[in-house]
1. Please enumerate the residues belonging to region 175-195 that are within 20 Å of Thr222 (Cα to Cα), surrounded by 15 or more Cβ atoms within 10 Å (Cβ to Cβ) and polar (S, T, N, Q).
2. Can you name every residue in region 196-234 that is of a type in the set (Asp, Glu), at pLDDT 85 or above and open to solvent by less than 80 Å² (accessible area, probe 1.4 Å)?
3. Applying the selection to region 160-174, what residues are more than 16 Å from the chain's Cα centre (by Cα), surrounded by 15 or more Cβ atoms within 10 Å (Cβ to Cβ) and of a type outside the set (S, T, N, Q)?
4. Among (1) buried (at least 20 other Cβ atoms within 10 Å of the Cβ); (2) farther than 11 Å from Ala95 by Cα, which single condition is Met133 missing?
5. Of everything in region 263-280, what is more than 21 Å from Val90 (Cβ to Cβ) and part of a helix (DSSP H, G or I)? Give them in sequence order.
6. Could you check Val119 against (1) modelled with pLDDT under 90; (2) part of a helix (DSSP H, G or I) and say which number it fails?
7. Might you check whether a residue that is surrounded by fewer than 23 Cβ atoms within 10 Å (Cβ to Cβ) and in contact with a His (Cβ under 9 Å, 6 or more places away or on another chain) occurs anywhere in region 120-130?
Amino acid sequence: MYELDHPYYFYLLAIIPVVIVLYLTLALWKKRARKSFGDPELLEKLAPERSSIKGMIKLILALLIIASLSVGLVNPKIGTSLETVKREGVDIVFAIDVSKSMLAEDVRPNRLEKAKQLVSRTLDNLVSDRVGMIIYAGSAYPQLPITTDYSAARLFLKSVDTDIIPSQGTAIADALKMASSYYDDEDQKNRVLVILTDGEDHEEGVLEAAEKAKEQGIKIFTIGIGTDRGAPIPDMRNGRNIGYKKDRNGEVVVSKLNTDVLKEIASETNGAYINGTNTREVVEFLMESISEMEKKEFEATVFADYESQFQWFLGLALLLLILDVFVLERKTQWFKKLGLFEKHEDKS
């Protein structure tokens, strides 16, 4: 198992294609300049010691140095041993609506990205609670089983989009039913289900499913993503917006936040409803609510003794930098003596 201390330093790798483009542009300019100056064969005789491949070697060294420095600054850490530790916490399952209406942009950048941001920020504030993830549209599917691995949770969260589930709708009832069987610890009394949705186009049987969830000790927090005024639903094709969804009459469909059903679900399980517009307020509300719950002690197997690996990459960058100093653009004499690329005259 590994951890990345500062993953944003990977953005430094974007310098590599820029350096390549600059090198190729400069090489092309030099070639044209030599042609305009005189005959290439004559220029080659005037500068016999100039190497045609040393420039490429120095470019490769420069790119490797940039890559090594980038990874070194990220500081990857490797877990060297497994430990079983005791933790206290509650079980939290996030149910994320991935129906097409979640692409509406009445909240920025859109409803689904806002929901993912809320889950991510909540994960950042959790310490020892276990988390799971469910996605739903016309039906519900498990995305991440209950775990203490927040890194895995973030990884699965990134892959969530509206194309995962082909059937459309807002099957909140299916998500509630799945959540009822999702918690794998029968002794855990405090179970939390966080539903992130616009609540629109929901199917029947929601309140009945919420009542059954309450019987199993599940407290539901509903987070409304969207606005009352609503917004049209983008029609996405291959990642491009080609227009907006229309009804049978050719009118643009406007999707609006349905707070009524979300408030009813939360009230049914003694939970709470909160509007998801303000990220900070939502996260603070959830963390305060979770902190007031009774925590259960459980055992978890985790990687321990994470060791930093940055020194290997910085050392490699230093070694390549020293090597670059000794690579000159003139031909290497001992390599030249081999005569591998010399033309031999036919003396027969």
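1. If we filter region 175-195 for residues that are within 20 Å of Thr222 (Cα to Cα), which is where we start, we get 175-183, 189-195.
Then keep just the ones that are surrounded by 15 or more Cβ atoms within 10 Å (Cβ to Cβ); that gives 175-180, 182-183, 190-195.
Hits for region 175-195 are Ser180, Asn190.
2. The initial filter retains those residues of region 196-234 that are of a type in the set (Asp, Glu), namely 198, 200-201, 203-204, 208, 211, 215, 228.
When the remaining residues are screened for being at pLDDT 85 or above, the result is 198, 208, 211, 215, 228.
The answer is Asp198, and nothing else.
3. Passing the criteria: Ile165, Gly169, Ala171, Ile172, Ala173, Asp174.
4. Here Met133 clears every test but (2).
5. Passing the criteria: Lys263, Glu264, Thr279, Arg280.
6. (1)
7. no
The values are calculated or read from the model by the stated rules, or taken from the named source; none is laboratory data. None of these values were measured; they are calculated from a predicted model. Every residue, glycine among them, receives a Cβ derived from its backbone with ideal geometry; neighbour counts consider all protein chains shown. Side chains included, ligands, DNA and RNA excluded: accessible areas come from the protein's heavy atoms. Shrake-Rupley method; radii C 1.70, N 1.55, O 1.52, S 1.80 Å.
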